[in-house]
C-alpha cells in the first residue's frame, strides 16, 4: 500500500513540475542534461554611412525629382552567440535552436532607438550552422550564431538601438 | 498486483526522456551613424527673356506694345531713361537641391549656398551671378543663404535657390557658361 502511494506521487511530480524547469536564465541548466550559455551584451559592429549608400558617394546628381533610395542589404553576424554542453547520454539527440528578437519598445523582430522608441531597425534573425567545438573525452559542445538581416527603412534617428534576443534550445 | 502496476508506471517516466528546453536572453545593441545625402543639380541652364530685362525696353507703361508701335510707325524718339533700364535679373531654380538626413535627437540640418564661380562668359561678354539665397521647396521667402531644418530621416527634403545675375557687361548674345553655385549640407 505504501509503495503504491509513493509511485503515484512521483509520477505526478514529473508531469507537473517538469515544464516549470524548462526556462531559466543565462547560464542555465536543466537537471544534469543540457547546459546553455549565451554571450551577454552583444554590441554589433556599427552600420556605416558607406554601407547604407552601398559604397556610393553621399552626393548624388539629380534632376529635381525624388530618385528614391534603395538600401543595400545590411547584415551582421554573431558567430559565437551561444554554446551548449551536451552530455554523452544525449550525444545523438537532435536539438532545435530557435531565436526571438524583441526590441526595447516591445516590437518583435526589431531593435528600437534608446531615446526615441518609435525609430526602429527591422531585423530578421537567421541561424548559422552550429559548430562542434568539443568532444571526447569531454562532453560534446556545440557553438552557434546568427546572421541578422538589417532593414533601416524605419530609422529616423542616429544613435544606439537595442533589443533582447531570446535563445531557446529544445530537444524534441 | 496493484503494487506491480504502480512500479511499471514509474519506470516508464524514468526511461522515456521528456522534451527538454532551455532558454537564455541577451541584450543586443547596434549603433546607427548620422548620415546626410545631398542631391544636387549638376547643370542648370536658364534663358534670359526680354521680359527679364523689361526695364531696358520700358517706354511708358507698356513697353512691348509701345516699342512695337514706335518702330512700326517711326513715330518719334523713344524716351528711354536710365532709371528704366535694368541689366539685372533674378533667377529662381526650383528643387535645386535635395537632402536626406538623420542624426541624433536634437540635431539639425543646415544647407548653405554660395557662389563658387561668379562669372559666366561668352568670349569677352560676361554675366555675373551673386547673392544666392535658398529656402525649402515651395516656401519662397529666400531670406538667407542658408536654411535650417530638422533631420528628415530617409525622407527627401527639396530646396529652391535664387540668385541675381548682372548683365551689364554682357555684350554678346548666346551661351554664357562657367558660373557655379556651391551647396553645402551639414548636420549639427
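Just so it is clear, none of the values below were taken in a lab; they were calculated from the coordinates. These figures come from a predicted structure and were not determined experimentally. Note that we place each Cβ from the backbone using ideal geometry, even for glycine, and neighbour counts take in every protein chain shown.
What the Cα convex hull of the stretch A:117-172 gives, in volume per residue, is 122 Å³.
If a spin label sat at a point 7 angstrom from the Cα of residue B:171 along the line to its beta carbon, the backbone N atoms of the stretch B:120-140 nearer than 17 Å would be those of B:120-128. Treating r as the C-beta distance of residue A:43 and residue B:117 and R0 as 41 Å, the FRET efficiency rounds to 0.30.
Quick one: order B:188, B:149 by neighbouring beta-carbon count within 10 Å, fewest to most. Mind dumping the intermediate values first?
Values: B:188 9, B:149 14.
Lowest count first: B:188, B:149.
Its convex hull of Cα atoms gives the stretch A:47-172 a direction-averaged projected area, equal to a quarter of the hull surface, of 10.3 nm². Here the alpha carbons of the stretch B:132-188 define both size measures, Rg and Dmax, at 15.2, 48 Å. Taking the number of Cβ atoms within 10 Å of each Cβ as an exposure proxy, the fewest-first ranking of B:165, B:117 is B:117, B:165. Arranged from fewest to most other beta-carbon atoms within 10 Å of their beta carbon, A:90, A:165 become A:90, A:165.
Output the peptides B:25-32, B:38-45, A:82-89 sorted from most to least packed, where packing is the average of other Cβ atoms within 10 Å over each peptide's residues. Numbers along the way, then the final one.
Values: B:25-32: 19.2, B:38-45: 14.9, A:82-89: 17.5.
Per-residue mean Cβ counts within 10 Å order the peptides as B:25-32, A:82-89, B:38-45.
If R0 is taken as 35 Å, the Cβ-Cβ distance between residue B:31 and residue B:92 corresponds to a FRET efficiency of 0.30. Simple spin-label estimate for residue A:63 and residue B:184 gives 3.1 nm between the two label positions (7 Å along the Cα-to-Cβ direction from each Cα).
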